[in-house]
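**Student:** Below is the structure I would like to discuss, written out as structure tokens.
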Amino acid sequence: MGGLPAVVSATHEADHRFTVEGVVCGADGKSGANVDVLVKDTKISYGQVVKTDDSGYYKAAFHLHNDNLGDPLLIEANGEQQQRKVSFDPKDLESERIIQVNFGAGCVHDKSSASLWLYIGSGAMAAAVGGFIGVKLIRSRRKQGQKRGASKGKRKK
């Protein structure tokens, strides 16, 4: 890989990318900002250290192939270690290959549910705006129709 950062080399198509993401919290349940998280595929002895953001979220991306399925993963943060395995459906070449590994209690951060609420909120907003515009158009056409009807009655034959 010639010294390229792991994230850059892992920006290939979904079937070559594997992502480990999660949230790190302290014992008090508060998110851990700027915490080092080690994510390592121990079978191929490749890993990387990433830092959490202000909300304690981290993301590590790897360039892996189908033959890496089942490789043991070591994820470590704040002195706590978790063991996982590289897992995905090797027949699915389009879906994001991703697992979540969280540390600590009380600050679980599920991006998919946050995204779901974002989509639901956006959909509701779009429906409200669309409904408002629809009502305005209907009222506008009714007024035009009333004006046309009123002018027809005033014509002399």
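**Student:** Residues that are closer than 29 Å to V23 by Cα, modelled with pLDDT under 65 and not in a helix (DSSP H, G or I): does segment 83-93 have at least one?
**Tutor:** No, because not a single residue in segment 83-93 is closer than 29 Å to V23 by Cα, modelled with pLDDT under 65 and not in a helix (DSSP H, G or I).
**Student:** Could you give me the residue pairs with C-beta distances under 7 Å whose first residue belongs to segment 79-99 and is in the same structural domain as V37 (by TED's automatic domain parsing), whose second residue is of a type in the set (S, T, N, Q) wherever it lies, and which are 6+ apart or on separate chains?
**Tutor:** Qualifying pairs under 7 Å: V86/N68; P90/N66; E96/T19; R97/T19; I98/T19; I99/S87.
**Student:** With modelled with pLDDT of 90 or more and not polar (S, T, N, Q) as the only criterion, which of K59, K157 stands out?
**Tutor:** On inspection, the qualifying residue turns out to be K59.
**Student:** Could you check how many residues of segment 24-62 are more than 13 Å from E80 (Cβ to Cβ) and assigned to a strand (DSSP E or B)? Can you show your working first?
**Tutor:** Looking only at segment 24-62, we keep the residues that are more than 13 Å from E80 (Cβ to Cβ), and these are 28-31, 33-34, 39-62.
Those left that are additionally assigned to a strand (DSSP E or B): 31, 39-41, 46-51, 57-62.
So the count comes out to 16.
**Student:** What are the residue pairs meeting all of these: first residue in segment 62-76, first residue among the aromatic types (F, W, Y), second residue surrounded by 12 or more Cβ atoms within 10 Å (Cβ to Cβ) and not in a loop (DSSP other than H, G, I, E, B), Cβ atoms under 6 Å, and 6 or more apart or on different chains?
**Tutor:** So the pair list comes out as F62/F18.
**Student:** Would you be able to tell me the number of residues in segment 54-72 that are surrounded by 11 or more Cβ atoms within 10 Å (Cβ to Cβ) and closer than 25 Å to G29 by Cα?
**Tutor:** Looking only at that region, the number is 6.
**Student:** In segment 17-34, which residues are in contact with a Gly (Cβ under 7 Å, 6 or more places away or on another chain) and crowded, with 16+ Cβ neighbours inside 10 Å?
**Tutor:** Of everything in segment 17-34, those that are in contact with a Gly (Cβ under 7 Å, 6 or more places away or on another chain) and crowded, with 16+ Cβ neighbours inside 10 Å turn out to be V23, V24, C25, G26, S31, G32.
**Student:** Among the numbered conditions (1) modelled with pLDDT of 95 or more; (2) surrounded by fewer than 15 Cβ atoms within 10 Å (Cβ to Cβ); (3) within 14 Å of T19 (Cβ to Cβ), tell me where K51 comes up short.
**Tutor:** (3)
The values are calculated or read from the model by the stated rules, or taken from the named source; none is laboratory data. Because the structure is predicted, anything quoted here is derived from the model rather than measured. Using ideal geometry, Cβ is built from the backbone for each residue, glycine included, and neighbour counts are taken over all protein chains shown.
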